[in-house]
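A short write-up of the structure that comes next.
Bear in mind these aren't lab numbers, they're just calculated from the coordinates by the rules spelled out. This one's a predicted model, so the numbers in the text were calculated from it and none came from an experiment. Backbone-built Cβ (ideal geometry, glycine too); neighbour counts: all protein chains shown.
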Amino acid sequence: MKNFLYTLILCLSFIISNAQEVFMLSPIIVADEDKDDFESIQTKYVTPLAQDAVDGKSMKGWVLLKKAPFGNPDNKINYMWVAVFDDINQMVNSKQWWLNSESKFGIPSEILYDGYEWEGRGRYVYKTERQIETGTPGKYIILNWATPKDVAKMIDFQDEVEKHFRKNIIKSGMVGWGMATRIVPQAKDRSTAFWWDIYDSMENTMEHLAGGAALTGLSKESFSEFNEQVPNGWDNRVIFEFVTGTQ
């Protein structure tokens, strides 16, 4: 009986862990002269195609982000596609929905996407560990990367952070937050943890980066615990703004 219960617990744990939300970041570079055409096509054509994929249960959500004019001036990446999935199974079985332009709009994909040049800079997959969703659309998002000494302890620590953020979620202008761990690629020079902070304005976004907004009132002990886990600080922090996306 004990062996049966032990096996059952292991199976349930496996099912739960594999049913966890995952998402893919696809950073790209779009030529300056093509930005307007790129955003127009992404909004008018790609977003409806993505919505069809969401409605058809091929993915959970999709957005296009554009780098805001603050930080990382030497980094050529200026846009990022974000695709969210209910679990790994949905992600690996998702179809190439962006190629359905001919059946929906009467425009072959090779013609639709021929009006601009872009360069992909890899695909990065993460597993969502903690998350706050308010349902309120955000305008700006801070993407944060770090490499904690102990990822498991950092995940547990997020319970305290989440509790604090929920108290400040409305008055601070924060409308979303989350923490994730990297699935792929796995390499020594890649950050193992990822956070996002979504705000309603650039002012509140900058306040957060300056230690205010939703961070206001967070205890010194909490900051110390974070710094102990990440003694070298953030690996990278970048502000993006929302361009378009699914409902």
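Above 17 angstrom, tally the Cα pairs of region 88-178 and express them as a % of all pairs, no decimals. Don't skip to the end; give the middle numbers.
Working: 2866 of 4095 pairs.
Here the long-distance tail beyond 17 Å is 70 percent of all Cα pairs in region 88-178.
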Seminar exercise, completed: Once normalised by the length of region 128-245, the mean sequence separation of its alpha carbon contacts under 8 Å that are 6 or more apart gives a contact order in percent of 42
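Given charges of +1 on the Cβ of Lys and Arg and -1 on the Cβ of Asp and Glu, with all other atoms neutral, how large is the dipole of region 92-241 about its Cα centre, in debye to the nearest 20?
So the dipole magnitude of region 92-241 works out to roughly 300 debye.
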Seminar exercise, completed: Partner aspartates and glutamates whose C-alpha sits under 17 Å from that of residue 60, ignoring same-chain residues fewer than 8 away, are 21, 52, 86, 87, 129, 133
Problem set entry | Positive-end residue of 226, 91, 101, charge dipole of the chain with Cβ unit charges | 226
Exercise. Which entries of 163/220; 35/76; 104/139 show an alpha-carbon separation above 20 angstrom in the structure shown?
Worked result: 104/139
Exercise. What list do you get for 208, 164 if you sort them by fewest beta carbons within 10 Å?
Worked result: 164, 208
Problem set entry | Surrounding net charge for residue 45, when Lys and Arg each add one and Asp and Glu each subtract one, Cβ distance under 12 Å | -2
Exercise. Binning every alpha carbon pair distance of region 128-245 at 10 Å from zero, what are the percents per bin?
Worked result: 13, 47, 33, 6
Exercise. Whole-Å semi-axes of region 15-120's equivalent ellipsoid, largest first, each the root of 5 times a Cα gyration tensor eigenvalue?
Worked result: 25, 20, 10
Exercise. How are the Cα pair distances of the chain distributed, in percent, across 5 Å bins from 0?
Worked result: 1, 6, 11, 16, 18, 17, 13, 8, 5, 3, 1, 1, 0, 0
Seminar exercise, completed: With -39,500 (n - 2.57) per DSSP H segment of 4 or more residues and division by the full residue count of the chain, the 222 nm estimate, nearest 500 deg cm²/dmol, is -9500 deg cm²/dmol
Problem set entry | Least to most buried among 129, 203 (fewest other Cβ within 10 Å first) | 203, 129
